[in-house]
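Read-outs throughout are calculated quantities, based only on the coordinates presented, and are distinct from any laboratory measurement. All figures in this text were calculated on a predicted structure; none of them were measured in a lab. No Cβ is skipped: glycine too gets one built from the backbone with ideal geometry, and neighbour counts run over all protein chains shown.
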Amino acid sequence: MSHKITRGLLLLLLLSTHIGFSSPPVKAQTTKKTICTSQLTTAIDAVVNRPLFNRVRWGILVKNQDSNQTLYIRNGQKYFVPASNTKLLTTAAALQALGENFRIRTSVYQDGEGILRVVGRGDPSFKDAQLQSLAKQLRQKGIRQIKQLIADDNYSQGDMIHPSWMWEDVQYYYGAPVNSLILNENASILRVYPQTLGKPLQVRWNQPVEAYRWRVENNSVTIAEGKSGFVQVTRDLKGPILQINGQLGVGSRPDITAIAVFDPIEHFMRHFRLHLNREGISVARTFTAVGSQNDRELAAVESPPLSELLVETNVNSNNLFAEALLRALANKSTQNNQKNVANIGLKVLTTTLEQLGVNPQSYKIVDGSGLSHKNLISPEALVQTLQGMAKSPQAEIFRASLPISGVSGTLKNRMKGTPAQGIVQAKSGTITGAVTLSGYANPPQYSPIIFSIMANQTGQPSSVMRKAVDEIVVLLTQLKSC
């Protein structure tokens, strides 16, 4: 996965205070070419059996949504590394278990005279605008001095970073730590600008206060105008230290990177103190503690409803949102042992999906986002999840959370100008050695289709594999009965 920040994330962090739904489907491209259902196996085999893919392990399952007829199968019950197709299981379980109107609340309680406690419950959409709202509410309640401001991160106990996530991922925003008090997706944005010839590149933070938190080891240089450049930003394993290497030409555009914060609690509280100070509220001391009864709530903000959180999770394939929703599933558990909330969420996920008709033996997952290479899911499990959601009262909301081919999210630039444009809603997935796509297709001359396409041990560039996957999906959209 690329560590460079996308335009969507930049807008999300800088401008957005809420999450919107994806664009509506567009009309499919017209074409005279069609494929009989009896020809589908030959057509798909012609793609996957190319010499280029001799070492690729394919898993494919295609079914008629209405009749449940299997139209194509290859290794349908075998395990594959699913990448972000894992999010289909997480979001389906969250929607079924929690409901479309579920919201995540962040509160400030009064523990005693001059003692306030901020309690987070893992809202992944929480940003500086919400911190500002909490500070304003406290001022309206007459708060001017805080002797002790306590950060209560007790809700989301367990690993903030799954031990099987790769270090090359956890440095960046898409591998950010997951905890109870999340701010700005637990990421910091920096831009690296060229200066005059021969000088080091200049680093500017989106939030100037971050400059005092990070130590930057700058080994970059500004080169002559017009020459090609590159920038590599890496984070040290042991502390808030950044290494910047590379070069940019004079007058070239800045390089933009989003780095995962090193200490999310410190990050949250530092920003909160800043907003409190702007409201004329002084803070003498901050620390982390748990155990309050939370009797008197002074201020609170809530996340958008789950229906909107799902859109960000699936359309933009947001790992942090998926992991937060997995932990939110623990709300439905009766277990008192909260040592690892994510593991409790996984148990609720399994129970919920089984009620939906998903065979619990058809997958084994360790996280909610698909960032781990230890996740194993079969095409069967993904198709069963999609089938169950298609029959659910939440079907429309679930489908609205999926990217649309050639239109939105991770599929915006895929299948454009093909018969598949605008009539496929599916979740993509890409990590090293794995490319996946699972979802729904509505062929103009055939019944709705549910499919899962998984390629592992690819040995090919992801772009090559995605092109082959898209070829198969285009075939599905050209089906007709004959």
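Please give the helix 319-328 orientation as an angle from the longest Cα principal axis of the chain, in degrees from 0 to 90, rounded to the nearest 10.
80 degrees
Calculate, for Asn331 and Ser447, the FRET efficiency according to 1/(1 + (r/R0)^6) with r their C-beta to C-beta distance and R0 35 Å; round to the nearest 0.05.
Computed FRET efficiency for Asn331 and Ser447 comes out at 0.40.
Test of the criteria: in the stretch 123-203, which trypsin sites (Lys or Arg not before Pro) are in a DSSP loop and have at most 14 other Cβ atoms within 10 angstrom of their Cβ?
Lys141, Arg144, Lys147
Mind pulling the angle between the C-alpha long axis of helix 128-140 and the longest principal axis of the chain? Nearest 10 degrees, somewhere in 0 to 90.
The helix 128-140 is inclined about 40 degrees to the chain.
If one computes the Cα centroid of the stretch 85-123 and of the stretch 226-243, what distance in Å separates the two points?
Cα centres, the stretch 85-123 to the stretch 226-243: 34 Å.
Against the longest principal axis of the chain, how steep is helix 306-315, in degrees 0 to 90 to the nearest 10, with axes from Cα atoms?
60 degrees
Rounded to the nearest 0.05, what FRET efficiency do Gln148 and Lys339 have when you use their Cβ-Cβ distance and R0 = 30 Å?
Calculated transfer efficiency: 0.65.
Counting helices only, and only those DSSP H runs with n ≥ 4, report the 222 nm mean residue ellipticity of the chain as the sum of -39,500 (n - 2.57) divided by its residues, in deg cm²/dmol to the nearest 500.
Counting only the DSSP helices, I get -8500 deg cm²/dmol.
Is the shape of the stretch 338-450 rounded, prolate or oblate, going by the alpha carbon gyration tensor and its root eigenvalues a ≥ b ≥ c, with a/c under 1.5 for rounded and a/b larger than b/c for prolate?
Here the stretch 338-450 falls in the prolate category.
Could you list which residues have their amide H under 5 Å from that of Tyr72, counting only those 5 or more apart in sequence or on another chain, with H placed in the peptide plane?
Sorted by chain and number, the residues that satisfy this are Val62.
Is the C-alpha gyration tensor of the stretch 70-131 telling us rounded, prolate or oblate? Criteria: a/c under 1.5 is rounded; beyond that, a/b larger than b/c is prolate, otherwise oblate.
Verdict is prolate for the stretch 70-131.
Positive end of the charge dipole of the stretch 174-314 (Lys, Arg +1 and Asp, Glu -1 on Cβ, about the Cα centre): tell me which of Leu181, Val290, Tyr193 has its Cα farthest that way.
Tyr193
Can you list the trypsin sites (Lys or Arg not before Pro) in the stretch 267-319 that are in a DSSP coil and have 15 or fewer other beta carbons within 10 angstrom?
Those that pass, being in a loop and sparsely packed, are Arg285.
Provide the gained length on full extension for the span Arg55 to Thr34, in nm with one decimal, where the gain is 0.36 nm per separating residue minus the Cα-Cα distance.
This chain segment gains 4.6 nm when fully extended.
For each of Asp45, Asp295, Asp111, count neighbouring Cβ atoms within 10 Å of the residue's Cβ, then give the residues from fewest to most.
Asp295, Asp45, Asp111
Testing the spin-label approximation: label points 7 Å from Cα along Cα→Cβ at Arg296 and Lys227. State their distance in nm.
A separation of 6.5 nm, rounded to one decimal place.
Calculated FRET efficiency, Met166 and Gln202, Cβ-Cβ r, R0 30 Å, to nearest 0.05?
Rounded to the nearest 0.05, the efficiency is 0.50.
So what's the gap between the Cα centers of the stretch 403-471 and the stretch 313-386, to the nearest angstrom?
Comparing the Cα centres of the stretch 403-471 and the stretch 313-386, I get a distance of 22 Å.
Which of the GluC sites (Glu not before Pro) found in the stretch 104-190 are in a DSSP loop and have at most 15 neighbouring Cβ atoms, other than their own, within 10 Å?
Sites meeting the loop and neighbour criteria: Glu113.
For the stretch 135-212, just say rounded, prolate or oblate: build the C-alpha gyration tensor, square-root its eigenvalues into a ≥ b ≥ c, call rounded for a/c under 1.5, and beyond that prolate if a/b exceeds b/c, oblate if not.
Verdict is oblate for the stretch 135-212.
Reachable lysines from Lys412, Cα under 28 Å, same-chain residues fewer than 8 places away excluded?
Partners found: Lys4, Lys27, Lys32, Lys33, Lys63, Lys87, Lys127, Lys391, Lys427, Lys467, Lys480.
Just to check I understand the Karplus step: with θ = phi - 60° and J = 6.51 cos²θ - 1.76 cosθ + 1.60, what whole-Hz values come out for the stretch 44-59, glycine and proline as x?
5, 4, 5, 7, 6, 8, 4, x, 4, 10, 4, 9, 7, 9, 9, x
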